[in-house]
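Here's the structure, in structure tokens; my notes come after.
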Amino acid sequence: MDVIGYDPYLSVNAALSMSRSVKVVNNVDDIYAQCDYITVHVPLLDSTKGMINKLAITKMKDGVVILNFARDLLANEADVLEALESGKVHKYVTDFPNPTTAGKKGVILLPHLGASTEEAEDNCAVMAVQEIMDYLENGNIKNSVNYPALDMGVCNKAGRIGIFHKNIANMITKFTAEFGDKGINITDMMNKSRGDYAYTMFDIEAPAPEGVVETLKAIDGVFRVRIVK
């Protein structure tokens, strides 16, 4: 696939330095004339509103596919629908569904992922705090980069211990043996792995006695032991 790029806000040399696999042009008309698939990736400014319009479409190849995942207002949808009806544009793909384009011939609508909206960023901030608090209070892991997701719910037992360790055989047997040697009764446990790493939590009937952390940490393959409660 030959990839051609145009950026009205960067010089050609600056754009070239960003990617050696892209042929960079300094005129958007070159994009229209050469590309079978045109993707739109520009911010919505007064100068870019309706940039995909009747005039731009006439410069495009017959049967072009337009993909707009930037802003809905970047495309004059009435002009796009007219071009779809005539066959000039083969498909219009966008993640901005609305009554104008919904159900129309040649339009492929996808759900919009508003990952950078103010509401999404606020929700992500709240989610991050909630997940950190859940880890601190209950030992549960969600959306970790390196470790598996593990959720044992709210810790309502006398004690809970979390162990970060290598994902290798016989680790659980070694952990339970240490608890048994110290007379600690396990009421519940959960183990999850992800690649080379694993995470195990134990609920126990009594608070963890002194020395149990050091004993568990001494097991080969253990990275960290944490008393959650």
Rounded to the nearest 0.05, what FRET efficiency do ILE186 and ASP95 give with R0 = 45 Å and r taken as the Cβ-Cβ distance? Could you check? 0.40
So how tilted is helix 77-86 from the main axis of the chain? Cα-based, degrees 0 to 90, rounded to 10. 70
In degrees, nearest 10, range 0 to 90: what is the angle between the Cα axis of helix 171-181 and the longest Cα principal axis of the chain? 30
Please identify every one of the GluC sites (Glu not before Pro) in the stretch 153-220 that sits in a loop by DSSP and has no more than 16 other beta carbons within 10 Å of its own beta carbon. GLU205, GLU210
Contour minus Cα-Cα span, ALA177 to VAL145, at 0.36 nm per residue, comes to 8.5 nm
From the coordinates shown, Rg/Rh (Cα atoms, Kirkwood Rh) corresponds to which of [x] 0.95; [y] 1.03; [z] 1.25: [z]
How far, in nm, would the chain grow between TYR197 and GLU119 when pulled straight, counting 0.36 nm per residue and subtracting the alpha carbon separation? 24.7 nm
To one decimal place, what orientation-averaged projected area in nm² is obtained for the convex hull of the Cα set of the stretch 148-229? 4.8
Looking at the chain, what % of its DSSP beta bridges pair antiparallel, to the nearest 5? 60
Would you kindly state how much longer the chain becomes between GLN130 and PHE164 on full extension, computed as 0.36 nm times their sequence separation minus their alpha carbon distance, in nm to one decimal? 10.1 nm
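Since every read-out is calculated from the coordinates, none of them should be taken as a lab result. Since the structure is predicted, the reported quantities are computational estimates derived from the model, not experimental observations. Here Cβ is always computed from backbone atoms with ideal geometry, including for glycine, and neighbour counts include all displayed protein chains.
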